[in-house]
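**Q** Before anything else, here's the structure in question.
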Amino acid sequence: MSLAIPTPESITPAFFTELLRRAGHAGATVARFDATPVGTGQIGRCVRFAFELAGDAAGAPRTLVGKFPSLDPLSRQTGVQLRNYAREIFFYRELAARIPIGKPRCYYAEIAGEGPEFALILEDMAPAQQGDQLAGCTPEVARAALVELAKLHAPTWMDARLRGLDLIAEPNDERAAQGRDLYAAMLPAFLARFAPRLERDEQEIIAAVAKSQGPPHRYPATPWALVHIDYRLDNLLIDARTSPPRVSVVDWQSLVLGSPLSDAAYFLGASLLPEVRRPIERELVRSYHDALCAGGVRGYAWDACWQDYRRGAFAGFAVTVVASVIVQGTARGNDMFTAMARRHARHALDLGSAEFL
């Protein structure tokens, strides 16, 4: 597109008019718009744009959502260093069309180098609502989210075309060592801030992961697929008007090739309160396994799936410990990281997953 990468402050009606016309609404004109912050992102900020349309605007969207870099310098630096901004742009430009998981339509995706200047303009999924990490979700939403997750994993299951892509990291010994070292480096600061909110056995298993030779730093070589890494309620848009609920997925900034069950375990461990999760956990994971098989995955037995799921219970530890230290601290953020730490720790303890460390 010929226009410069916009910010929420510089974006204009003419910019949106060009977007809509390039998307097939040739007679639409954006006369003016209102901008309202939405979401609770740590590295990016999101804004909903509501349009006043003129001309032949039949079928044109009345709202779109823009995603831009955080205003916080540390969060912006993190987004560049971890290549989060560049990776999400790459997803929408190069991968989204071939992955049938629910996601917003992308109208614009541009970045200057690897950032921090970037902009995404996406379909507004309203009236779908962002999930609430703190409150957790219902079993119905959890089941729908797992079935949707299989639409990411099944099409990319052991797909050799995904190997060797610059922005999609692959597991290896060096990355495992780097992940272990980073976790160990961040652990003291994490415990200094959050240990008073955790039970003793929760603190102990979180600390034990710093020396793990297995998950979350290293998983078995197979199976692998494209994994979201941060598949949790805050990154899901849920339309509860349908049965089952419709789930759309956002925040595609951390994609890697890795153990697909790490996504599933991360989601259930973080998104259900332990007392809700325990009696329905196997049935929910079965629904995911069934969806994988329906999506074309062959030769992946249920027993192997359950073992990989138990191993994946540690997937949320690294995100929780590292992200809680390196992003800007907020009251809600601290509450969210506390909830995640407690739920992931309890999840691993409930499943007896320490044997995999």
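The values are calculated or read from the model by the stated rules, or taken from the named source; none is laboratory data. Treat the numbers as computed from the prediction; the structure is a model and nothing was measured. Backbone-built Cβ (ideal geometry, glycine too); neighbour counts: all protein chains shown.
**Q** Identify, from the list Ile5, Ile43, Ile101, Ile11, the residue that is over 30 Å from Asn334 (Cβ atoms) and in contact with a Pro (Cβ under 9 Å, 6 or more places away or on another chain).
**A** It is Ile101.
**Q** List the pairs whose first member sits in region 110-122 and is part of a strand (DSSP E or B), whose second member is basic (Lys, Arg) and buried (at least 21 other Cβ atoms within 10 Å of the Cβ), and whose Cβ atoms are under 9 Å apart, counting only residues at least 6 apart or on separate chains?
**A** Phe118/Lys67; Ala119/Lys67; Leu120/Lys67; Ile121/Lys67; Leu122/Lys67; Leu122/Lys103
**Q** State all residues of region 65-91 that are touching a Pro at 6+ places or on another chain (Cβ under 9 Å) and either outside any helix (DSSP H, G or I) or within 17 Å of Thr156 (Cβ to Cβ) (or both); if no residue qualifies, say none.
**A** Val65, Gly66, Phe68, Pro69, Ser70
**Q** Being of a type outside the set (A, V, I, L, M), surrounded by fewer than 19 Cβ atoms within 10 Å (Cβ to Cβ) and modelled with pLDDT of 90 or more is the filter here, so list the residues in region 40-72 that pass it.
**A** Arg48, Glu52, Gly55, Asp56, Gly59, Arg62, Thr63
**Q** Okay, moving on. Take Leu268 and decide whether it is touching a Ser or Thr at 6+ places or on another chain (Cβ under 6 Å), modelled with pLDDT of 95 or more and not hydroxyl-bearing (Ser, Thr, Tyr).
**A** In short, no.
**Q** For residues in region 124-162 being under 30 Å from Phe15 (Cα atoms) and more than 17 Å from the chain's Cα centre (by Cα), which is modelled with the highest pLDDT?
**A** Asp124
**Q** Another question, then. Quick check: is even one residue across region 192-208 touching a Gly at 6+ places or on another chain (Cβ under 9 Å) and in a loop (DSSP other than H, G, I, E, B)?
**A** No.
**Q** Right, another one. Name, by its number, the condition in (1) within 20 Å of Leu191 (Cβ to Cβ); (2) at pLDDT 95 or above; (3) crowded, with 19+ Cβ neighbours inside 10 Å that does not hold for Glu281.
**A** Checking Glu281 against (1) within 20 Å of Leu191 (Cβ to Cβ); (2) at pLDDT 95 or above; (3) crowded, with 19+ Cβ neighbours inside 10 Å, the one that fails is (1).
Conditions (1) at pLDDT below 95; (2) out of contact with any strand residue (DSSP E or B) (no Cβ under 6 Å at 6 or more places or on another chain); (3) aliphatic (A, V, I, L, M), marked per residue:
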| residue | (1), (2), (3) |
| --- | --- |
| Ala291 | no, yes, yes |
| Gly295 | no, yes, no |
| Ala301 | no, yes, yes |
| Arg311 | no, yes, no |
| Ala315 | no, yes, yes |
| Asn334 | yes, yes, no |
| Ala348 | no, yes, yes |
| Ala354 | no, yes, yes |
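**Q** Another one. Which of the residues spanning region 16-26 are surrounded by 13 or more Cβ atoms within 10 Å (Cβ to Cβ) and more than 28 Å from the chain's Cα centre (by Cα)?
**A** Scanning region 16-26 gives Thr17, Glu18, Arg21, His25.
**Q** Quick check on my filter: what residues within region 16-35 are more than 14 Å from Val65 (Cα to Cα), part of a helix (DSSP H, G or I) and of a type outside the set (S, T, N, Q)?
**A** Those that are more than 14 Å from Val65 (Cα to Cα), part of a helix (DSSP H, G or I) and of a type outside the set (S, T, N, Q): Glu18, Arg21, Arg22.
**Q** Okay, moving on. Return the residues of region 142-156 that are among the hydrophobic types (A, V, I, L, M, F, W, C) and surrounded by 20 or more Cβ atoms within 10 Å (Cβ to Cβ); say none if nothing qualifies.
**A** Result: Ala142, Ala144, Ala145, Leu146, Leu149, Ala150, Leu152, Ala154.
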